[in-house]
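Here the structure is laid out as structure tokens; the discussion comes afterwards.
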Amino acid sequence: MLVIEFGSGRRGDCDLTSDRDILLIGTDWQKISYESAKWCINGFSVSTFLFDKASYLASKGNLFFKHIFDEGVLVFGSEARYRELKDRWQAAADYWDEVRDNLDLLEVIHFIPQTSAGIAVAIDILISSVRNILIRRLACDGKYVFAWGKVFVEANKRQMIKKEDIHLFMTSRCLKNKYRQGFIQNLPLSYLEALLEASNRACGVMLRPNFAYRAALRSLPEKYLDGTYKQLRALELMCAEYLFDKSLDPLMSIVRTPAYFCVNGPAKSIRRCQKAV
């Protein structure tokens, strides 16, 4: 198994809201899951892949692995195996299909619960998508940057966003991190509207916030294909409407493990959580 630390914690530009990121790559999913649980207990945000999938993605120019290979540090495992994986990476012809996938995800912004948690989820979805889209737009120009601040500064240099957007995006990043750590703040609708305006510039779209009723939120996850990231985000929006319903805790726990959800689909993920509780 390879264990690779990456992200702001490894770079040294982290703050109090930053995640500590670790990547596990192995050949046995059961062992990966066991090791993942141990790293999670120690406060890390864990990503996991089987070797075959990691090797395939690297060969297709996957930008997550470009991020890993440029900035990550191997803390456990075979150096030779890691170099072999790094050597497989080659840039894709372009990344516009991935840009369009991220734009498609933003459809869920039209179903925001009228709660503080709903606005927090919407901010999380928006700022994560904006960063992902800008990373890919920059990669299409042969520029590979991944640190949050550097992405926004570089995008501003290329007139993809305004200079005043940078502060708004970095504040939203902190809000996203706090939300994922369980802290939900009461933010005015005007903040979400300002973020949407800046996001529209970054993404080249015209999004408008739309608050949804409970009936629409309950059926929202069924609109999307099982096990997709888009369905996961829809499930998160639904949970944000019923934040204080403790019976939804198993659902919220799988919302916070997107890799497991997307590999196994909602049914297996929910059964796993039910066994845990």
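The values are calculated or read from the model by the stated rules, or taken from the named source; none is laboratory data. Owing to the predicted nature of the structure, the values given are computational and were not obtained by experimental measurement. No Cβ is skipped: glycine too gets one built from the backbone with ideal geometry, and neighbour counts run over all protein chains shown. For accessibility, only protein heavy atoms count, side chains too; no ligands or nucleic acids. Shrake-Rupley method; radii C 1.70, N 1.55, O 1.52, S 1.80 Å.
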Practice prompt. On a C-alpha basis, how far is the centre of the stretch 84-118 from the centre of the stretch 179-237 in Å? Whole number, if you could?
Written response: 14
Worksheet item: Rolling a 1.4 angstrom probe over the protein heavy atoms, how many square angstrom per residue are accessible across the chain?
Response: 51
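From the C-alpha coordinates alone, can you work out the Kirkwood hydrodynamic radius of the stretch 84-167, in Å?
14.3
Classify the stretch 27-184 from the C-alpha gyration tensor, please: rounded if a/c falls under 1.5, else prolate or oblate depending on whether a/b exceeds b/c. Write out the running numbers ahead of the final one.
Working: a/c = 1.92, a/b = 1.26, b/c = 1.52.
Oblate.
Mind ranking 173-179, 218-224 by how tightly packed they are, going by the mean number of other C-beta atoms within 10 angstrom, highest first?
Order by mean packing, descending: 173-179, 218-224.
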Fill in: Mean Cα-pair separation over length for the chain, i.e. relative contact order, pairs under 8 Å, 6 or more apart, %
17
Item to complete: Could you work out how far apart the two model spin labels at residue 76 and residue 191 are, taking each label as a point 7 Å from the Cα in the direction of the beta carbon, and quote it in nm?
Response: 3.8
Practice prompt. Would you mind telling me the share, in percent, of accessible area of the chain contributed by carbon and sulfur at probe 1.4 angstrom?
Written response: 51
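Can you give the % of DSSP beta bridges in the chain that are antiparallel, to the nearest 5?
Given both bridge residues lie in the chain, the antiparallel proportion sits at roughly 55 percent.
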Worksheet item: Taking the Cα atoms of the stretch 34-92 alone, what are Rg (to one decimal) and Dmax (as a whole number) in Å?
Response: 12.2, 36
Worksheet item: What are the principal axis extents of the Cα atoms in the chain, in Å, biggest first?
Response: 53, 50, 34
Item to complete: Estimate the FRET efficiency between residue 223 and residue 128 by the formula 1/(1 + (r/R0)^6), using the beta-carbon distance for r and 25 Å for R0, to the nearest 0.05.
Response: 0.80
Discussion item. Among 228, 210, 242, whose Cα projects farthest towards the positive end of the dipole of the stretch 132-247, with charges put on the beta-carbon of Lys, Arg (+1) and Asp, Glu (-1)?
Written reply: 228
Worksheet item: So what J values fall out for the stretch 38-44 if you push phi through Karplus, 6.51 cos²θ - 1.76 cosθ + 1.60 with θ = phi - 60°, rounded to Hz, Gly and Pro as x?
Response: 5, 5, 4, 4, 8, x, 8
Worksheet item: Normalised by the residues of the stretch 98-242, what does the relative contact order come to in percent, with Cα pairs under 8 Å and at least six apart?
Response: 38
Worksheet item: Using θ = phi - 60° and the Karplus curve 6.51 cos²θ - 1.76 cosθ + 1.60, what whole-Hz ³J(HN,Hα) does each residue of the stretch 125-139 get, with Gly and Pro shown as x?
Response: 4, 5, 5, 5, 5, 4, 4, 4, 5, 5, 4, 6, 5, 5, 5
